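J.: The structure follows.
The values are calculated or read from the model by the stated rules, or taken from the named source; none is laboratory data. Source: prediction; values computed, not measured. Quick reminder, even Gly has a Cβ in these numbers, built from the backbone with ideal geometry, and neighbours come from all protein chains shown. Surface accessibility is based on the protein's heavy atoms, side chains included, excluding ligands, DNA and RNA. Shrake-Rupley method; radii C 1.70, N 1.55, O 1.52, S 1.80 Å.
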Amino acid sequence: MSVAAASAAVAARVDAGSGRRLDAVDGLRALAALWVVMFHIRAFSGATLGPLDIVVRSGSTGVSLFLVLSGFCLFLPVARGRPFTARRFFVRRARRLLPAYYASLGVVVLATVLAAGRLGFVNYGPVALSGQIAAHLTMTHSLFPSTFYALNGAYWSLALEWQLYLGLPLLVLGARRFGLARTVAAVVAANVAYRLGLQVVIATHAGASASLWATAVLPNLLPGRWAEFAFGMVAAQLYADGRIGRSWAHAGWLAIPLGALSLLAVGTPLAHLLFGGVFFALLCTVLAPGSVISRFVAWRPLSALGVMSYSLYLVHQPLVQALAMLARQRGASPLMAFGITLVLLP
């Protein structure tokens, strides 16, 4: 992210309380969204992309970047010393995010009914569809295998985000009473203990490892993803205190080899922690004065896409699913279906 007056080449030179956007953070948000979109295009087209395949098929990891950015953006005002009240925070989050979510949910439900089992949409009966709608309206859909990926597979992370919102007041209280370092250390320890404990439980129950409970629901509850959010909080405090100096401008390049190593860890219980660390380093790098990476991610078209990344995230999966499957039904090869979907999506 760009920093005040430190890098004149970057458009976003702002203070946390100024109300202006941080272009490089929006650029990172755009990259996260695009990574997830590419992941879903590959999944629904069935394409294999040669040397790029390992990167694209790991695109669900873009959620980790979203979580780090979320921790940064939500804790930055607190790190700057602005007052925090839980009620005001929840009201602002609801007003900002729920209208767009509910609007997209209405469109997805309508598409599901009209598609009636075609183009990858599930043909729900009235009772089952009513249950799905109720779970999604209340943000409880990530708590059950039957609703976790249903209607719109991308929605599960929004429910996780709301769990993190519910946990933020506790983290703010901990940071004020015990210090941010101790609070984040406790979060990371709890995250590690939860994931490893869950792995032991799964390993001791034959056949459980393939269930949605084991692969999706339980790992992605708040205790299983809290650390990534907390890493973003650390970045916010470092930025607010002016402790991200020029030395960080080059540190982000370490994210490349570290990211490559993290890709090899995909599927292990603590892979999300590795990715969280990589994205923490990347975020601190774009916060640093004179960062080349910051100038790249603050590129105006990219940051503009980042501004609308939430909307893109809400609607992209049903679109990608329908376009890719339609292309396959018309005789396109997997690679051609990937290309067609990529071109038509905008």
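J.: Here are some residues: 324, 298. Which one is over 22 Å from residue 71 (Cα atoms), touching a residue at least 60 places away in the same chain (Cβ under 8 Å) and buried (at least 23 other Cβ atoms within 10 Å of the Cβ)?
T.: Details: 298 fails: over 22 Å from residue 71 (Cα atoms).
Just a single option satisfies the conditions, and that option is 324.
J.: For residues that are open to solvent by less than 50 Å² (accessible area, probe 1.4 Å) and out of contact with any helix residue (DSSP H, G or I) (no Cβ under 8 Å at 6 or more places or on another chain), scanning just segment 98-114, find the one that is nearest to residue 313 (Cα to Cα).
T.: So the first thing to find is which residues in segment 98-114 are open to solvent by less than 50 Å² (accessible area, probe 1.4 Å), and the list is 98, 100-101, 104-106, 108-109, 111-112.
Next cut, out of contact with any helix residue (DSSP H, G or I) (no Cβ under 8 Å at 6 or more places or on another chain) only: 98, 106.
Values: 98: 14, 106: 15 Å.
Ranking the qualifying residues of segment 98-114, first place goes to 98.
J.: Could you look through segment 173-193, keep only residues that are open to solvent by less than 60 Å² (accessible area, probe 1.4 Å) and of a type outside the set (A, V, I, L, M), and pick out the one that is nearest to residue 222 (Cα to Cα)?
T.: Filtering first and then ranking leaves 191.
J.: Still on this model: Tally up the residues in segment 138-155 that are aromatic (Phe, Trp, Tyr), assigned to a helix (DSSP H, G or I) and surrounded by fewer than 21 Cβ atoms within 10 Å (Cβ to Cβ), please. So that I can check it myself, show each step before the final result.
T.: Going residue by residue through segment 138-155, those that are aromatic (Phe, Trp, Tyr) are 144, 148-149, 155.
Add one more test, that the residue is assigned to a helix (DSSP H, G or I), and what stays is 148, 155.
Subset that is surrounded by fewer than 21 Cβ atoms within 10 Å (Cβ to Cβ): 148.
Result for segment 138-155: 1.
J.: Additional query: As an exercise: evaluate residue 293 against (1) part of a helix (DSSP H, G or I); (2) open to solvent by 30 Å² or more (accessible area, probe 1.4 Å); (3) of a type in the set (Val, Ile, Thr); (4) modelled with pLDDT under 95 and give the number of the one condition it does not meet.
T.: (2)
J.: Still on this model: Evaluate the following for residue 21: is it open to solvent by 20 Å² or more (accessible area, probe 1.4 Å), outside any helix (DSSP H, G or I) and out of contact with any strand residue (DSSP E or B) (no Cβ under 8 Å at 6 or more places or on another chain)?
T.: Values: open to solvent by 20 Å² or more (accessible area, probe 1.4 Å): yes; outside any helix (DSSP H, G or I): yes; out of contact with any strand residue (DSSP E or B) (no Cβ under 8 Å at 6 or more places or on another chain): yes.
It is true that residue 21 is open to solvent by 20 Å² or more (accessible area, probe 1.4 Å), outside any helix (DSSP H, G or I) and out of contact with any strand residue (DSSP E or B) (no Cβ under 8 Å at 6 or more places or on another chain).
J.: Could you go through segment 104-127 and let me know if any residue there is assigned to a helix (DSSP H, G or I), of a type in the set (Ser, Thr, Tyr) and under 19 Å from the mean Cα position of the chain (by Cα). Explain how you work it out, then say what you get.
T.: Here is the first cut: in segment 104-127, the ones assigned to a helix (DSSP H, G or I) are 104-115, 126-127.
Going one step further and asking which of them are of a type in the set (Ser, Thr, Tyr), we end up with 104, 112.
Now narrow it down to the ones that are under 19 Å from the mean Cα position of the chain (by Cα): 104.
Scanning segment 104-127 turns up at least one residue that is assigned to a helix (DSSP H, G or I), of a type in the set (Ser, Thr, Tyr) and under 19 Å from the mean Cα position of the chain (by Cα).
J.: May I ask you to list pairs of residues, at least six apart or on different chains, whose Cβ atoms are under 6 Å apart, with the first in segment 71-97 being farther than 14 Å from residue 172 by Cα and the second being open to solvent by 50 Å² or more (accessible area, probe 1.4 Å) and among the aromatic types (Phe, Trp, Tyr)?
T.: none
J.: How many residues are touching a helix residue (DSSP H, G or I) at 6+ places or on another chain (Cβ under 7 Å) and more than 27 Å from residue 102 (Cβ to Cβ) when one looks only at segment 309-335? Reasoning before the result, please.
T.: As a first pass, look at segment 309-335 and keep what is touching a helix residue (DSSP H, G or I) at 6+ places or on another chain (Cβ under 7 Å): 309-318, 320-321, 323-325, 327-328, 332, 334.
With more than 27 Å from residue 102 (Cβ to Cβ) added as a condition, the list becomes 327-328, 332, 334.
The qualifying residues number 4.
J.: If residue 73 passes every condition in (1) closer than 20 Å to residue 149 by Cα; (2) within 23 Å of the chain's Cα centre (by Cα) but one, which one does it miss?
T.: (1)
J.: I would also like to ask the following. Looking at residue 160 and the list (1) closer than 30 Å to residue 211 by Cα; (2) open to solvent by 40 Å² or more (accessible area, probe 1.4 Å), which single condition is not satisfied?
T.: (2)
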